[in-house]
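A short worksheet on the structure shown next.
Just so it is clear, none of the values below were taken in a lab; they were calculated from the coordinates. This is a predicted model, so every value here is computed, not measured. All Cβ positions, even for glycine, are placed from backbone atoms using ideal geometry, and neighbour counts span all protein chains on display.
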Amino acid sequence: MIELVFILVILGALAVVAIPKLVATRDDAKLATIAHDTMTGAFEVASYAVARGKTEPTLSAMSNGVANMIEEGYATEAGTDVTVSSIDVADCLHLKLENQGSNTEVIRVVYTGSGGNCDRLQHLIDQSRFPIPLHGHLISY
């Protein structure tokens with residue numbers, strides 16, 4: 001009987017240690033998915049704009065990655081500005097299509113939030129890849 005009590009105590013201690021690790025792993029996977037969809041969405045928009053020589057009124061019309069984030073509830077769209085949420089911060093970053101004049105547009109990631117999972121999400125985004133030129137004098141064929 002005493003052995004059973006010791007086994008239960010050991011299992012309880014293991015559960016106290018293991019459950020937070022499992023939750024953190026799930027959060028890491030969600031953040032990696034959001035970061036991947038953000039980067040993929042930006043590159044899809046760039047490919048669309050270069051291939052067609054134009055952009056559409058919304059980013060989701062040019063990118064499955066952006067459409068997927070919106071469908072999954074990790075992002076909202078207002079024209080060519082997509083607000084991306086981390087798990088705990090609603091306005092973590094923006095994926096924006098910006099007009100730079102002279103028929104030149106770029107896709108840019110702008111960090112707007114901070115704290116907790118938002119900082120972790122921003123760390124997963126390769127900021128050195130932005131801005132991405134879409135068309136205009138920045139594109140060389």
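Points to keep in mind about this one:
- Checking each residue in region 88-125 for being free of Cβ contacts under 8 Å to residues at least 60 places away in the same chain, buried (at least 17 other Cβ atoms within 10 Å of the Cβ) and touching a Leu at 6+ places or on another chain (Cβ under 9 Å) picks out 89, 92, 93, 95, 96, 97, 105, 106, 113, 118, 122.
- Looking across 86, 47, 60, one residue alone is in contact with a strand residue (DSSP E or B) (Cβ under 9 Å, 6 or more places away or on another chain), farther than 15 Å from residue 125 by Cβ and of a type in the set (Ser, Thr, Tyr). It is 60.
- In region 31-73, of all residues being outside any helix (DSSP H, G or I) and of a type in the set (A, V, I, L, M, F, W, C), the one that is surrounded by the fewest Cβ atoms within 10 Å (Cβ to Cβ) corresponds to 61.
- Cβ separations smaller than 8 Å between residues 6+ apart or across chains give the following pairs from region 48-67 residues that are touching a residue at least 40 places away in the same chain (Cβ under 8 Å) to residues that are of a type in the set (Ser, Thr, Tyr) and part of a helix (DSSP H, G or I): 55/48.
- With respect to being under 21 Å from residue 26 (Cβ atoms) and buried (at least 18 other Cβ atoms within 10 Å of the Cβ), residue 85 fits the description.
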